[in-house]
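The values are calculated or read from the model by the stated rules, or taken from the named source; none is laboratory data. The structure displayed is predicted, hence computed values, not measured ones. Methodologically, a virtual Cβ is constructed for each residue, glycine included, from the backbone with ideal geometry; neighbour enumeration extends over all protein chains shown.
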Amino acid sequence: MWHNLSEFEKNSRMFILSGIFIFLFLASISFYGPRGSDQFWYMQEIENLVKNNAITSNFYYSGMYWREAFNEHNNYFIHHSLVHYLVYPLAYIFGSFAGWFFTSIISIIIGTLLLVNTTYNITRSHKIASLAGLFFLFLPCTVWQSFNILQESIMCSYMCLCVWLWERSLNVSKEKKIFYDILGGLAGAIGVLIHPLFTVWCIGWIIKLLFERGFVFSCRLWVPVISTFLSLLTIQYLKKNIFPTKFMPSIATIISNTSMTYFFDYVLNDVTLNVILCKFINAIKNQFAFSGTAIFFYPFNILLGFFLFSVFYTYKKNKLADLRPFIIPMFILIGFLGVIILHQNQFRYNLIITPLILVSTIFGLYKTNLHSAICKKPFLYSLIMILAFLVFIDFNLARHIYKDSYRYAITTDNHKKILPDNSRNQKVLFIFKGDDYLSYGWALYPRKILFLPLAKMSAPESYEVVQKFKPQIVLVQGMLDEDIEKVLPLKVAKLSSNPDELYKVVD
C-alpha cells in the first residue's frame, strides 16, 4: 500500500479511523479508576455535583480556612468551571469516574477530527492533514491527559474548536468572514469559563481583526471587534456568579504562591522580583530538564522550535506583511509563558495550546517545501516510524496508568474501612504526612474534612483552626511522635493505630 502515494491519499480517512481505534484500545487498557491527588479532587467535585446538585466541597484546607475567617457556608469547588458541566451528563449516567473518562476521550477524538479538517483546509492535502491528526492524537501528553481524570484534555479539545474557527476566519470568502470573525471572538469569551488563557485569545482576536481590515469605518471590522470585546466583558463579569470558586482569587496570590502553599500557608508571601525570578528559573528547568517528564515536555519543545522557525521564515520572506496569521498563536504563546512562569510549569499546560501551535506551524511550513518533502518516500516512512514509536510509548503509559489506578483502588478501599458508616455526618480532622492525602478525602466522602499538614500541626494558627472547625474524629496518616492533646485543643480517645492513628474527640 505504501508504495502508492495516491492510494495513501484516498485512504487517509481509513488511517484516521485506524488511529482512533488504536487510541480507544489504549484507553481501554488504562481504564480502571482515578490515580494521583488532583484526580481525587475532580472526582469529589463531580460526585457532589451529580449526587447533591451542589457546587460546594466537603474539603477544607487549614490555610484557606484560617484566612477566610472559618467560613463554611460558601466552600465552593476549587476547580469549578464549565468543564464540570460538560462532564456532568455522562457522569450522571455512568458514574463520576467513567463519566469523566468518557468525556475526556470523546472530547479529544472530536478535537482531533477538527484539527484534521483545519489542516486540510489550509494545505488541501489529505496526507498532511491525516499525519497532523495522528501526531496530535498519539502525543504522550495527549494520551496521558486523556486517560487520567484531569481537565486539560477537555480544555485542549475546546482549543481545537477555536483553532478551527481561527482558520475559517483566515481563509473563507469575504461574505462569510464576518460570521467567523464574530464566532471566533465569542468562542474565546466563552472559553474564559474553561481557562483564563482564553482572555488572551480575545485580546489577540481583536488585534488580529484590526490588522486584517484596512478600512477603519467598515462594519465588517467593528461589529466583530465590539462583539468580542462586549462578550469578554460580560463573561468576565458573570464568571464569579456562574462558576464561583475558592482557587487563587487574585493575580498576586497566583504569583506569590504555588497551589499547595496557597491551601496550607496561614500567611501568603508578598510578590517580589526575587519570587518572580525563581519561578522563571524553575519554569525553564522544568521545560528543558532531562527527567521523567521529558517525554511530555520535549515533543512540545520540538514542535515549538518548528513553529518559531516557520515564523522566522515567513518574516524573512515577506517581512511583516505575512505575519498576520501568526498574531493569535503569538498572543496565546505569550499568555502561556505567563502562566508557566508566574504560576507553575506542569507539562499538562502544554497540551492546552498544542493544537494552535501545531496548526500554525503547518500553516507556516506549508509555504516551504513541506508538501513535496512529505511526498518523498523516505520522509513519509520516517514520519510513520515516529508515529509507531509514539504508539509504543503510549502503550506503556496506558499500562502504567492502569497499574497505578489498581494500586490506588486498593489503597482507597482500605481508607474507606477506617471509619464506620455511622460517622458519615461527622467532621474529620485529617493530619497528613504524604502527598496522597486527597485519596483519603475521596474515600471518606461525604464527611467534612479539614486537611492539616503534620508540619504545621504545632503552629499557633492550627490551634485556633481546629478549635473553630470542631472535629468529631481525628485521623492521622501514620503515627504521631507526641501526644495530640499537647499540641491541639482536643480531648481524644484513641480508637485504633494500625496503620493510621484514629481518635474520637471526647466532649
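Here are some notes:
- Of the candidates 298, 315, the single residue that is of a type in the set (Ser, Thr, Tyr) and within 21 Å of the chain's Cα centre (by Cα) is 298.
Condition check ((1) among the hydroxyl-bearing types (Ser, Thr, Tyr); (2) buried (at least 20 other Cβ atoms within 10 Å of the Cβ); (3) over 25 Å from residue 449 (Cα atoms); (4) out of contact with any Leu (no Cβ under 9 Å at 6 or more places or on another chain)) across all residues:
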| residue | (1), (2), (3), (4) |
| --- | --- |
| 27 | no, yes, yes, yes |
| 31 | no, no, yes, yes |
| 35 | no, yes, no, yes |
| 40 | no, yes, no, no |
| 49 | no, yes, no, yes |
| 53 | no, no, no, yes |
| 70 | no, no, no, yes |
| 94 | no, no, yes, yes |
| 97 | no, yes, no, yes |
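- The lone exception for residue 163 - which of (1) touching a residue at least 24 places away in the same chain (Cβ under 8 Å); (2) more than 19 Å from the chain's Cα centre (by Cα) it fails: (2)
Per-residue answers, yes or no, for (1) charged (D, E, K, R); (2) in a strand (DSSP E or B):
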position: 382; (1), (2): no, no
position: 392; (1), (2): no, no
position: 397; (1), (2): no, no
position: 403; (1), (2): yes, no
position: 407; (1), (2): yes, no
position: 446; (1), (2): no, no
position: 450; (1), (2): no, yes
position: 462; (1), (2): no, no
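- From the options 97, 101, 70, residue that is among the hydrophobic types (A, V, I, L, M, F, W, C) and part of a loop (DSSP other than H, G, I, E, B): 70
- Residues that are within 30 Å of residue 258 (Cβ to Cβ) and either at pLDDT below 90 or out of contact with any Phe, Trp or Tyr (no Cβ under 7 Å at 6 or more places or on another chain) (or both) within segment 306-328 comprise 307, 308, listed in sequence order.
- Residue list for segment 113-147, filter: in a loop (DSSP other than H, G, I, E, B) and at pLDDT 95 or above: 138, 139
- Helices (runs of 4 or more DSSP H) completely within segment 259-367 that count 1 or more residues being more than 23 Å from residue 146 (Cα to Cα) and among the small types (Gly, Ala, Ser): 273-288, 294-318, 327-342, 347-365
- Looking only at segment 476-503, residues that are more than 22 Å from residue 456 (Cβ to Cβ) and surrounded by 15 or more Cβ atoms within 10 Å (Cβ to Cβ) come to 1 in all.
The rows are residues; the columns are (1) under 26 Å from residue 338 (Cα atoms); (2) touching a helix residue (DSSP H, G or I) at 6+ places or on another chain (Cβ under 6 Å).
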position	(1), (2)
111	yes, yes
117	no, no
138	no, yes
155	yes, yes
193	yes, yes
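- Residue match in segment 128-141 (condition: surrounded by 20 or more Cβ atoms within 10 Å (Cβ to Cβ) and within 30 Å of residue 251 (Cβ to Cβ)): yes
- Checked against (1) part of a helix (DSSP H, G or I); (2) free of Cβ contacts under 8 Å to residues at least 12 places away in the same chain, residue 494 passes all but a single condition, namely (1).
- Lone qualifier among 107, 125, 81 - being out of contact with any helix residue (DSSP H, G or I) (no Cβ under 7 Å at 6 or more places or on another chain), surrounded by fewer than 24 Cβ atoms within 10 Å (Cβ to Cβ) and small (Gly, Ala, Ser): 81
- Residue within segment 274-292 that is polar (S, T, N, Q), surrounded by 12 or more Cβ atoms within 10 Å (Cβ to Cβ) and either modelled with pLDDT under 90 or on the phi > 0 side of the Ramachandran plot (or both) present: no
Residue by residue, here is whether (1) more than 16 Å from residue 65 (Cα to Cα); (2) not charged (D, E, K, R) holds:
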residue	(1), (2)
434	yes, yes
439	yes, yes
468	no, no
480	yes, yes
486	yes, no
507	yes, no
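- Test: residue in segment 322-336 that is out of contact with any helix residue (DSSP H, G or I) (no Cβ under 8 Å at 6 or more places or on another chain) and free of Cβ contacts under 8 Å to residues at least 24 places away in the same chain: no
- When residues of segment 10-43 are limited to those that are part of a helix (DSSP H, G or I) and in contact with an Asp or Glu (Cβ under 7 Å, 6 or more places away or on another chain), the one modelled with the highest pLDDT: 26
- The single condition from (1) surrounded by 16 or more Cβ atoms within 10 Å (Cβ to Cβ); (2) farther than 30 Å from residue 495 by Cβ; (3) in contact with a helix residue (DSSP H, G or I) (Cβ under 7 Å, 6 or more places away or on another chain); (4) polar (S, T, N, Q) that residue 346 fails is (3).
- Hits in segment 44-94 - residues which are under 21 Å from residue 264 (Cβ atoms) and acidic (Asp, Glu): 45, 68, 72
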